[in-house]
Each structure stands twice: as C-alpha cells, then as structure tokens.
Amino acid sequence: EIQTVISEINNGVLKLTLNRPDKLNSFNEEMHLSFRAEIERAHSEKAVRSVLLTGSGRGFCAGQDLGDRDPRKGGERSDLGHTIETFYNPTLRLIRSLEKPIICAVNGVAAGAGANIALACDIVLAARSAKFIQAFSKIGLIPDAGGSWSLPRILGEPRAKALALLGEPLTAEQAESWGLIWKAVDDAALPEEATALAEKLATGPTVGLGLTKRLIQAAASQDLDTHLDMERDCQQTAGFTDDYAEGVIAFLEKRPAQFRGE
Ligand code: T3D
C-alpha cells in the first residue's frame, strides 16, 4: 500500500512529502485525510517545532484529483461545497492556525488547490522551474483553498484577477518578484535550502514564532487600536516563556541562545 503522504521527523522538523507522483500529487480522499492528520499531529506534538511541506517527483501538487470527479462515471454530480467543507477548508484552517512555522518547498508545478495550499504556508521557497497555476477557471471553478482570499490581499485585485481568470502559469521568479513567495532558488539547491530553513526555525523560540505568525495574519482584518492590544497580549505571553529568559541571558553572556520551544 503506498503512503500518499510520507512523514518523518528530523531535528524538530516534521517533513511531509505529498506522494502521488504519477498524478502530480493531486489529492484523492486518502491523501486529504493523511495530510490533515499530519497537520493535526504538528499541532499536538511538542517534538515538532516546524513543518516542511514538499512533493515527490516532478510536481508539487496539481490540486484535486479530477479522475475522482469524472462526470462520465455516472451517478449524481459531485457536491463540491461538501468536499470543500469536508477536506480543503479544515486543512487550510489547520495550516493557518498552526502556531509553528510551516515552510513550503515547491519542487515543481503547483496547480489549483495545490498552488493555494502552498501559498497558505508561512515561508514559500520554489524551484526556479516551478510554476503556480490558478487552474480553476480552465474547468469552470473558482479559486479555492483560500486563493480568492489570499491572492487579492497579497497581489492586489489587478494581478489576482488576471491570474485567476486566465489560469496561466506564473513562474517562480515572477512569483518572487510580485511578493507572492519568499524566494525562487535553483532546482538542485531547493531540498537543502528548504531543510536548512526549516531546521533553523525548529531551533527557534517556538512560542514567540507562533505568536508572531498569529499577529501578522490578524493584521489585515483589524484596526490599529485592536491590533496594538493584541500585540500587548502576545508580548505578555512571550515574555513569560523560558525561551525569552534564555534569549536575554544568552545575549548578555554573548553566546548563541539555546531555545527549547517553551
Ligand atoms: O473537487 C473538489 O473537491 C473541489 C476542489 C477543487 C480544487 C482544485 O484543485 S480544482 C483544480 C484541479 N486541478 C487542475 O485542474 C490541474 C490539472 N492538471 C493540469 O492542468 C496539468 O496536469 C498541469 C498544468 C498541472 C501539469 O501539466 P504537465 O503537462 O506538466 O503534466 P500532465 O501530463 O498534464 O500530468 C502528468 C500526469 O498527472 C497525467 O497523467 P498521465 O496522462 O501521465 O496518466 C495527468 O493526467 C495527471 N494529473 C495531473 N493533474 C491531475 C492529474 N490527474 C488527476 N487530477 C489532476 N488534477
């Protein structure tokens, strides 16, 4: 039986590899359930201090497996509202609410929900040969997995609309220059760079990093006064962590801090 998501923990990093390479790692039900279970594990396991998401083979993820949506196979038409509610939305919420950094290494094409799952991660590195495709319009759908929310926020309406309405590929370098991702890197360097980044974050002050993520995500939807109150509360929490005490002591002792994630 093949594992649709390969999962391993090394040096505090939960590495998740989407693994249906023959189908460009598109999501069938089994992969949906495994992926969600792994992100839940990232929430609950203390040993996990960062997550690294990537794909096996030449693609990152081509979104929903359309073989499972073949209208010629008969029966009722699929209720996509139901599948979104059951599979994509819970996963998106789990990625955004994870109070640990999640890095995405986009090793090849990221299409449909595959593109938007990548873009929901905190830091996105992409192989220079990778492409991002809002493929939905090609089959009559709307950008899901949070895409119709994140694209206009990140890119503004003009670029978001052109990408979504046309469904044309965006290169990794263009994605970087538009600020849609953190960095395009040489294909051969991607695994090593992404792992190094995930491992570095896994040795960080996990509580503070998680609160930082929470604050930055909240910024777009609240006013400054509300946000300043939230910063106060988060700083209060961070200030009570052992990692903050260690950070200050290490600074004063002129040595690198040894954070334990609590
Ligand atoms: O249904 C719901 O629950 C609602 C939620 C929807 C979310 C969505 O993601 S909708 C969007 C679904 N995705 C797409 O529309 C993308 C479909 N794929 C493509 O357009 C192309 O494959 C790519 C542009 C991504 C890559 O093109 P290329 O030329 O590099 O590769 P290819 O030859 O098209 O694909 C390689 C194989 O993967 C091929 O199989 P074969 O012919 O070798 O047996 C192809 O059929 C398969 N594959 C790629 N994407 C999918 C797929 N099989 C099933 N579903 C896919 N999405």
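The values are calculated or read from the model by the stated rules, or taken from the named source; none is laboratory data. The structure presented is a predicted model; accordingly, all values stated were derived computationally and were not measured. Cβ atoms come from the backbone with ideal geometry, glycine included; neighbour counts cover every protein chain shown.
Note on region 140-161: among residues that are near the ligand (Cβ under 10 Å from one of its atoms) and not in a helix (DSSP H, G or I), the one that is nearest to residue 121 (Cα to Cα) is 145.
Considering (1) in contact with a Cys (Cβ under 7 Å, 6 or more places away or on another chain); (2) free of Cβ contacts under 8 Å to residues at least 40 places away in the same chain, the lone condition that residue 69 does not fulfil carries the number (1). Restricting attention to region 162-189, which residues are on the phi < 0 side of the Ramachandran plot and not in a helix (DSSP H, G or I)? Result: 168, 169, 170, 171, 178, 180, 181, 182, 183, 184, 185, 186.
When residue 85 is tested against (1) in contact with a helix residue (DSSP H, G or I) (Cβ under 7 Å, 6 or more places away or on another chain); (2) within 15 Å of the ligand (Cβ to nearest atom); (3) assigned to a helix (DSSP H, G or I), exactly one condition is not met: (1).
Got at least one residue in region 11-18 being within 16 Å of the ligand (Cβ to nearest atom) and of a type in the set (Ser, Thr, Tyr)? So far as region 11-18 goes, no, none of its residues is within 16 Å of the ligand (Cβ to nearest atom) and of a type in the set (Ser, Thr, Tyr).
In region 48-61, the residues that are assigned to a loop (DSSP other than H, G, I, E, B) and within 16 Å of the ligand (Cβ to nearest atom) reach residues that are modelled with pLDDT of 95 or more and not basic (Lys, Arg) with C-beta atoms within less than 6 angstrom, at least six apart or across chains, in these pairs: 56/17; 56/19; 56/21; 57/21; 58/108. Selection of region 1-18 for residues being under 19 Å from the mean Cα position of the chain (by Cα) and either modelled with pLDDT under 95 or buried (at least 19 other Cβ atoms within 10 Å of the Cβ) (or both) yields 4, 5, 12, 13, 14, 15, 16, 17, 18. Give the residues of region 85-116 that are out of contact with any strand residue (DSSP E or B) (no Cβ under 6 Å at 6 or more places or on another chain) and within 15 Å of residue 182 (Cα to Cα), sorted by residue number. Answer for region 85-116, where residues must be out of contact with any strand residue (DSSP E or B) (no Cβ under 6 Å at 6 or more places or on another chain) and within 15 Å of residue 182 (Cα to Cα): just 116.
All conditions but one from (1) in contact (Cβ under 8 Å) with a residue 40 or more places away in the chain; (2) assigned to a helix (DSSP H, G or I); (3) within 30 Å of residue 126 (Cα to Cα) apply to residue 261; the one that does not is (2).
Residue count for region 101-128 under the criterion of being assigned to a loop (DSSP other than H, G, I, E, B), over 20 Å from residue 220 (Cα atoms) and away from the ligand (no atom under 11 Å from the Cβ): the result is 2.
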